[in-house]
Amino acid sequence: MKKVLVTGGLGFIGSHTVVELQEKGYEVVILDDLSNSSIDVLAGITAITGKAPIFEKLDLKEKSKVESFFEQHQDIVGVIHFAASKAVGESVEKPLLYYENNINTLVYVLKSLVQLPTQNFIFSSSCTVYGQADEMPITESASIKLAESPYGNTKQIGEEIIKDTCKSNASLSAIALRYFNPIGAHSSTKIGELPIGVPQNLVPFITQTAAGLRQELSVFGNDYPTTDGTCVRDYIHVVDLAKAHVIALERLVGGTNAANYETFNVGTGTGSTVLEVIHSFEKVSGEKLNYKFAPRREGDVIQAYADTTKANTDLGWKAERNLDEALLSAWKWEKHLRNI
Ligand code: UD1
């Protein structure tokens with residue numbers, strides 16, 4: 001059985017990817033420091049797949065532990081690196097924490113990986129690297145704008161570090177997946193998003209409001225130059241995103257990659273406004289959502305949605321689930337969490 005390391009494998013996207021990997025017959029080893037995830041997720045994964053992944057609680061900032069982990073697992077065929085901090089606002093307040101968590105750890109993992117006989121690496125990047133792109137939909141060749149936040153900067157720098165390492169080391173193959181807005185949960189309702197504290201992202205805020213945990217949703221800005229004045233994003237079902245990781249890994253393991261460093265947009269190709277998301281949620285859940293319009297949120301781009309041509313044709317991956325399905329799965333997950 002081929003062994004894959006998934007760092008941050010108990011997080012939202014990581015856990016869904018572990019399920020897809022196991023279902024494709026991979027042996028999965030998870031490293032996670034539990035800083036933004038729960039150990040209970042392990043049981044959720046195991047309940048879905050019938051097989052417990054190997055789990056080690058490890059902080060990737062501890063370089064010597066990373067080194068000894070890789071020494072003990074020389075047979076890894078690929079690394080999918082999710083482990084990172086991702087709160088934009090927090091990164092502005094604590095930039096060094098973000099550079100340490102997202103950059104130091106990436107360097108340590110890569111340093112160990114390049115010692116292995118097989119060197120395949122998938123990186124969690126973000127459409128945030130494009131900033132406010134000049135043209136929609138966004139292709140992979142769109143220019144990389146000055147980052148709006150330290151978090152965004154860590155994704156840009158992360159990509160540069162990987163690209164440079166690939167240039168100097170032909171044995172290393174890497175793919176950076178630039179995620180658009182992942183939402184939803186596994187259809188089993190055994191795993192899903194687990195925001196700590198007040199959710200910063202739209203969909204968990206919506207589901208928590210509908211479940212009665214939050215009084216009302218603030219829609220940040222209704223005077224943008226879009227069809228209804230609210231921002232446009234490309235919301236992608238987390239299971240589709242998880243499957244993109246497996247396909248990307250198989251591209252590297254099978255050696256069908258076109259270059260040893262590649263980037264792909266991972267989105268649906270469809271933009272939805274905040275109001276469209278709210279209306280879709282109300283339709284699929286049958287719940288009336290309490291919301292009000294509020295001022296724009298600092299740092300928000302007006303619109304961002306993917307041109308998925310490269311992912312569809314070169315990677316051979318396409319999102320299969322639409323916004324309604326994603327929101328319904330997010331709502332089912334929220335109801336499961338709250339015993340509604
Ligand atoms: C945000 C980050 C992005 C990061 C991603 C990680 C910013 C500017 N961008 O994406 O870099 O990769 O999270 O998850 O923070 N909205 C509301 N009310 C809310 C919450 C959100 O109206 O309570 C709106 C936002 O203004 C935005 C849309 O919903 O238009 C989506 O917001 P969010 O889910 O936070 O995602 P992004 O901002 O796209």
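The numbered conditions (1) at pLDDT 95 or above; (2) open to solvent by 60 Å² or more (accessible area, probe 1.4 Å); (3) more than 9 Å from the ligand (Cβ to nearest atom) are all true for VAL238 except (2). The residue of region 32-59 that is farthest from ASN102 (Cα to Cα), among those that are crowded, with 17+ Cβ neighbours inside 10 Å and aliphatic (A, V, I, L, M), is ILE48. Given the structure, is GLU67 free of Cβ contacts under 8 Å to residues at least 40 places away in the same chain and among the charged types (D, E, K, R)? No. Residues that are open to solvent by less than 70 Å² (accessible area, probe 1.4 Å) and either touching a helix residue (DSSP H, G or I) at 6+ places or on another chain (Cβ under 6 Å) or free of Cβ contacts under 8 Å to residues at least 40 places away in the same chain (or both) were ranked within region 292-314; the one that is farthest from the ligand (Cβ to nearest atom) is ASN312.
Against the criterion of being within 16 Å of the ligand (Cβ to nearest atom) and buried (at least 19 other Cβ atoms within 10 Å of the Cβ), PHE123 qualifies. Listed here are the helices (runs of 4 or more DSSP H) enclosed by region 27-101 that have at least 1 residues being more than 20 Å from ALA242 (Cβ to Cβ): 63-72, 88-93, 95-99. Only one of (1) within 12 Å of the ligand (Cβ to nearest atom); (2) out of contact with any Lys or Arg (no Cβ under 8 Å at 6 or more places or on another chain) fails for GLY158. Which number is that? Evaluating GLY158 over (1) within 12 Å of the ligand (Cβ to nearest atom); (2) out of contact with any Lys or Arg (no Cβ under 8 Å at 6 or more places or on another chain) leaves (1) as the failure. Among the residues making up region 150-190, those that are open to solvent by 30 Å² or more (accessible area, probe 1.4 Å) and small (Gly, Ala, Ser) are SER168, ALA170, SER171, SER187, SER188.
The values are calculated or read from the model by the stated rules, or taken from the named source; none is laboratory data. Quantities reported herein were computed from a predicted structural model and do not represent experimental measurements. Here Cβ is always computed from backbone atoms with ideal geometry, including for glycine, and neighbour counts include all displayed protein chains. When the accessible area is computed, the model is the full protein with side chains, heavy atoms only, and any ligands, DNA or RNA have been set aside. Shrake-Rupley method; radii C 1.70, N 1.55, O 1.52, S 1.80 Å.
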